[in-house]
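Trainee: Quick one: this structure, given as structure tokens, is what I'll be asking you about.
The values are calculated or read from the model by the stated rules, or taken from the named source; none is laboratory data. Predicted model, so just to flag it, every value in this text is computed and none were measured. A quick note on method: Cβ atoms are made from the backbone with ideal geometry, for glycine too, and the neighbour counts reach across all protein chains shown. Each accessible area value is taken on the protein alone, full model and side chains, heavy atoms only, with ligands, DNA and RNA left out. Shrake-Rupley method; radii C 1.70, N 1.55, O 1.52, S 1.80 Å.
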Amino acid sequence: GRLVYVFAGCAALNSCNLGFDIGISTSVGPEVERELGLSDLQTELFLGLINFCGIVGALIASVLSDYIGRRKAIAVAAVGFIVGCSVMASAPSYGVLMGGRTIVGLGVGFGLAVDPLYIAEISPPKYRGRLVTWSEIATNIGILLGFIMGFAYSGIDR
């Protein structure tokens, strides 16, 4: 009963990562552009790369999650997100920044492909539809939280 809700909520947190990254990147994009002296094209590539890499991550997940299992696949997605964010946070150059963004994109694409599938597989038929929507809800909550954090830190001098 309740354990299914806990597992579904934890799986949906992976989707929240993508949403948060989308929301916060919108706020920090101009800041990153200024700090690293990027052109408009470089900034657009930085912001858009996550979507392209997300497609690749989802394609990889479709094969790898059958091989290693859904729970391990969710862990792979979370590790990708954490490692990629760490690389981006410490990036001294555009190349390193894009490397981190690639890892984040692969991780979130991986997670977005696996999360709803895992939730559907663990859910009783009576609650399956409701629980699977948690991934989409979590993505939107993450976007909102990213925007809120961007706004909260917008007035801070660096």
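Trainee: Let me spell out the model: positive unit charges on the Cβ of Lys and Arg, negative unit charges on the Cβ of Asp and Glu, origin at the Cα centre of region 1-95. What dipole size does that give, in debye rounded to 20? Don't skip to the end; give the middle numbers.
Mentor: Values: 5 positive and 7 negative charges, 135 e Å.
Around 640 debye, computed over region 1-95.
Trainee: In nm, what is the difference between 0.36 nm times the number of residues separating Asn140 and Asn51 and their Cα-Cα distance? Don't skip to the answer; put the middle values down first.
Mentor: Details: separation 89, 0.36 × 89 = 32.04 nm, distance 1.58 nm.
Length gained between Asn140 and Asn51: 30.5 nm.
Trainee: Measuring from centroid to centroid over Cα atoms, what is the spacing of region 105-148 and region 50-88 in Å?
Mentor: If we compute the Cα centre of each part, the gap is 14 Å.
Trainee: Which net charge results when you count Lys and Arg as +1 and Asp and Glu as -1 among the other residues whose beta-carbon is under 11 Å from that of Tyr94?
Mentor: Details: positive: Arg101; negative: Glu33, Glu35.
Once all neighbours under 11 Å are counted, the net charge is -1.
Trainee: Here's another thing I want to ask about it. Can you work out the accessible area per residue across the chain, with the rest of the protein chains kept in place, probe 1.4 Å, in square angstrom? Intermediate results must be reported in sequence, preceding the final value.
Mentor: Numbers: 8750 Å² over 158 residues.
Counting only protein heavy atoms, the per-residue value for the chain is 55 Å².
Trainee: Can you tell me which of Arg34, Arg101, Arg70 moves the most in a GNM of the chain? Springs connect C-alpha atoms under 10 Å apart.
Mentor: The residue with the greatest mean-square fluctuation here is Arg34.
Trainee: Net charge near Gly29: determine it from the other residues with C-beta under 13 Å of the C-beta of Gly29, scoring Lys and Arg +1 and Asp and Glu -1.
Mentor: Values: positive: Arg34, Arg101; negative: Asp21, Glu31, Glu33, Glu35, Asp40, Glu44.
The answer is -4.
Trainee: Please work out how much length the chain gains when fully extended from Ser154 to Ser39, using 0.36 nm per residue of separation minus the C-alpha to C-alpha distance, in nm with one decimal.
Mentor: In short, 39.3 nm is gained.
Trainee: Show me the ranking of peptides 17-23, 131-137, 146-152 by mean Cβ neighbours inside 10 Å, starting with the highest.
Mentor: Values: 17-23: 23.4, 131-137: 18.7, 146-152: 15.1.
Highest to lowest by the protection proxy: 17-23, 131-137, 146-152.
Trainee: Would you please classify the overall shape of the chain from the alpha carbon gyration tensor, given that a ≥ b ≥ c denote the square roots of the eigenvalues, rounded means a/c under 1.5, and beyond that prolate means a/b larger than b/c while oblate covers the rest? Could you put the intermediate results ahead of the total?
Mentor: Numbers: a/c = 2.75, a/b = 1.73, b/c = 1.60.
Prolate.
Trainee: Here's something else I'd like to know. What net charge is computed for the residues neighbouring Glu136, neighbours being all others with C-beta under 13 Å from the C-beta of Glu136, Lys and Arg scored +1, Asp and Glu -1?
Mentor: Every neighbour counted, the sum reads 0.
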